[in-house]
Amino acid sequence: MSERGDILIVSNRLPVHRVRAENGGADRWETSPGGLVSALKPILQTVGSTWIGWTGVDDDDRAPFEHDGIRNHPVAISGEEMRGYYEGFSNRTIWPLYHDAIRPAEYHRSWWRIYTAVNQRFAQAAAECAKPGGLVWVHDYQLQLVPEMLRALRPDLRIGFFLHIPFPPQELFAQLPWRRHLLRGLLGADVIGFQTRVASENFVQLCRRFLNIRDRGTELQIEGRSVIARAFPISIDFGHFDAMAGTEAVAEQARMVRARLGDRRMILGVDRLDYTKGIDIRMRAFQDLLHTGECRPDDTVFVQVAVPSREKVEEYQELRSNIEEMIGRINGKYGQVGRTPIQYLHRGVSQDELVALYLLADVMAVTPARDGMNLVAKEYVACRRDDTGVLVLSEFTGAAHELTDALLVNPHDVDDVAGAIKIALQMKPDEAARRMHSLREVVRQNDVHRWARSFYEELGA
Ligand code: ADP
Ligand code: F6P
């Protein structure tokens, strides 16, 4: 596919995780679930490929290893560095700031120094691995300085960067003490991809304002080079989810879950337990419906899967207590013996179980206060092969730009969310089918393979 030979991917985490052996056997590596890995795998397996990232274990300086046709090149990060680079600067400075500052962003010079040092290590590893004139694709907010650092080490490379999360408007980004450094870091790339047009426009405006960069829309001029900055909305492997939804293993899972839930309508939420996801608002909306009697515990159940995430970060610990307390209160007040209105799972689920839940959900509630894209919304749609089911979707997700036949809601307005859930539960089958059919076509046509191909082509493969 590429005349330049190998492609190199650089991301915070490797696409594999270690699975502990039982009975004293050897640990093994498993491919991690997720859109990025399944999007890139087909491309990576046809050309030679190396993935640079963290194994998930502190101080892991193991030698590069091969798994499933991809060479994994670990970057060692110490526990103390993880606190500054990952828990600190990535997840307590950048993450809240880029998500509309729905939690205050903290600015610490010590975190910045560690973020810079760890980015330099990733850049160094990439510089050592890349073939002459090769392609390097750097991912996400943990590594925004890598493009510039890598270009300084290896000016012969073509460098792409894709940001999976939102890119904030000027008023917010301008708070960052290191705003110019970060913009210059990203501008080291030849192609910078964002989830939405708004995000890429924010970036271009900031480059004009803080770096006096000249641009022609999506093309910026810097030091005699041109840099493309534009939207490449990420997607999912539609064919994979569509096919999984038709398998016997999933049907069996769905029968088991249905037997446990009984003949109740099901509303579903599936998220990492993250304060950006608006889990609290949808719980409050459901509480309102229980309060008015529009939903009763014997006719409706809300299943919320909350995947543990970033558990060492204070805001995530607080969120967990608040959500669990809220759910306990609602269940205590409105539950009946044998009938709990909210079923809450604080764990990951297998992909069979996840798809079974998508199949059982009459209504999928996706209500983030801000989200770069939201793949769960697209996965739900891909699994609804018979055009049933209704998607309630926050206007503040990247997905809302494409999934305009969902019931779009303002996640800051409890009444709006409650109203949409009510409309969804009562929607006539032909109206639901019309909407779902059109949503499925959007995701089918703009799947993750198309996303990866278009970025890869822009990069010059
Ligand atoms: P984010 O990237 O912020 O976590 P997305 O909705 O974009 O949010 O992507 C979440 C991804 O994680 C989806 O691909 C989804 O299938 C996957 N996922 C969600 N819940 C689980 C789970 N319980 N176990 C494993 N993977 C999950
Ligand atoms: O999409 C944002 C993101 O941080 C990805 O980079 C990452 O794969 C996912 O969320 C999970 O986050 P973490 O790696 O912090 O567990």
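Okay, here's what the table says:
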| item | result |
| --- | --- |
| Lysine pairs meeting the criterion (Cα under 26 Å, 8 or more apart or interchain), as found in the chain | 9 |
| Quotient of C-alpha Rg and 2.2 N^0.38 Å, computed over region 86-194 | 1.05 |
| Cβ charges +1 (Lys, Arg) and -1 (Asp, Glu), total dipole of the chain, debye | 660 debye |
| Sites Gln124 and Ser32 - FRET efficiency at Förster radius 22 Å, r taken between beta-carbons, to 0.05 | 0.35 |
| Label point at Glu318 placed 7 Å out along Cα→Cβ; residues across region 97-124 whose backbone nitrogen lies under 18 Å | 97-108 |
| Cα lying deepest toward the dipole's positive end in the chain, options Gln445, Ser32, Ala125, charges on Cβ | Ala125 |
| Rough spin-label spacing in nm, given labels placed 7 Å along Cα→Cβ, for Glu106 and Gln221 | 4.4 nm |
| DSSP-defined antiparallel bridges as percent of all bridges, the chain, nearest 5 | 25 percent |
| Cβ-placed point charges (K, R +1; D, E -1), dipole of region 335-406 about Cα centre in debye, nearest 20 | 280 debye |
| Region 269-364: C-alpha gyration tensor shape, a/c 1.5 cut-off, then a/b vs b/c | oblate |
| Difference of contour (0.36 nm per residue) and Cα-Cα distance, Ala117 to Asp263 | 47.0 nm |
| Surface accessible to a 1.4 Å probe, per residue, for the residues of region 234-342, Å² | 44 Å² |
| The chain, relative contact order [Cα under 8 Å, separation at least 6], % | 13 percent |
| Net lengthening on full extension, Arg20/Thr388 (0.36 nm per residue, minus Cα-Cα) | 128.5 nm |
| Accessible area in square angstrom per residue, region 9-73, 1.4 angstrom probe | 49 Å² |
| Per-selection metrics, the chain (Cα): Rg and Dmax in Å | 22.5, 71 |
| Packing rank of 34-40, 159-165, 15-21, where each peptide gets the mean count of other beta carbons within 10 Å, highest leading | 159-165, 34-40, 15-21 |
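The values are calculated or read from the model by the stated rules, or taken from the named source; none is laboratory data. These numbers were taken from a predicted model, which means no experiment stands behind them. All Cβ positions, even for glycine, are placed from backbone atoms using ideal geometry, and neighbour counts span all protein chains on display. In case anyone asks, the SASA skips ligands and DNA or RNA and just uses the protein heavy atoms, side chains included. Shrake-Rupley method; radii C 1.70, N 1.55, O 1.52, S 1.80 Å.
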